[in-house]
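Inspection log for the structure reproduced underneath, given as structure tokens.
The values are calculated or read from the model by the stated rules, or taken from the named source; none is laboratory data. Just so it is clear, the structure is predicted and the values come from calculations on it, not from any experiment. We place every Cβ from the backbone using ideal geometry, glycine too, and count neighbours over all the protein chains shown. Heads up: the accessible areas ignore ligands, DNA and RNA and are worked out on the full protein's heavy atoms, side chains in. Shrake-Rupley method; radii C 1.70, N 1.55, O 1.52, S 1.80 Å.
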Amino acid sequence: MADEAATLNFGAVLARVIQPNLTIYLHGDLGAGKTTLVRGLLQAVGHIGKVKSPTYTLVEPYVISGYNFYHFDLYRFNDDEEWEAAGFRDYFNAESICLIEWPEKAQNVLPTPDLNLSFTVKTLDNFETPGRNINITAHSALGQQCLQAMKVEII
């Protein structure tokens with residue numbers, strides 16, 4: 001991904017292949033593009049308005065085009081008991097799509113992801129153009145189905 005626009009466009013590609021009952025982990029340093037990708041995805045499915053990182057609320061729900069989206073940002077997450085007390089486990093169901101930034105902070109309570117997206121930021125080393133790389137791996141049949149569909153979308 002060369003820049004923010006490319007990351008937004010990739011979010012739109014992802015939006016065309018997602019389906020309910022999907023859990024997506026978003027790994028990467030601060031500023032790597034995780035929230036930008038979520039914004040591109042949500043806008044592509046029809047969300048109008050701001051998409052902010054739910055750093056303080058931990059989750060931001062969206063109902064768009066008949067889909068229940070839950071955008072988690074677990075950067076400030078500290079306690080597994082907090083997960084249970086907030087009822088977050090109930091968000092992971094057959095009608096929802098869960099997008100989770102900083103999943104490593106809640107690895108003991110989160111379900112296995114269907115898709116794992118790892119963001120890295122390229123620097124100017126070796127005269128390369130700066131930008132973002134996204135490595136995608138599938139961990140379920142549903143994730144594999146989405147990954148295959150993404151390959152078709154990109155071609």
task = Please give the helix 4-15 orientation as an angle from the longest Cα principal axis of the chain, in degrees from 0 to 90, rounded to the nearest 10.
result = 50
task = Counting only DSSP beta bridges with both residues in the chain, tell me the antiparallel percent, nearest 5.
result = 50
remark   = On the accessible surface of the chain, probed at 1.4 Å with all protein chains in place, carbon and sulfur together account for a percent value of 50
remark   = Highest GNM mean-square fluctuation among Glu95, Glu82, Glu60, for the chain with Cα springs under 10 Å, belongs to Glu82
query = Nearest 10 degrees, 0 to 90: what angle lies between the long axis of helix 34-44 and the longest principal axis of the chain (Cα atoms)?
reply = 90
query = With the other protein chains left in place, how much accessible area per residue, in square angstrom, belongs to the chain at a 1.4 angstrom probe?
reply = 53
key: Förster-model FRET efficiency, 30 Å R0, Asn135 and Ser65, C-beta, rounded to 0.05   = 0.60
message = Test of the criteria: in the stretch 17-97, which chymotrypsin sites (Phe, Trp or Tyr not before Pro) are in a DSSP loop and have at most 16 other Cβ atoms within 10 angstrom of their Cβ?
response = Tyr56, Tyr75, Phe92
ask   = Taking +1 at the Cβ of each Lys and Arg and -1 at the Cβ of each Asp and Glu, which of Thr120, Leu110, Gly131 sits farthest along the dipole of the stretch 1-149 towards its positive end, judged by Cα position relative to the Cα centre?
value = Gly131
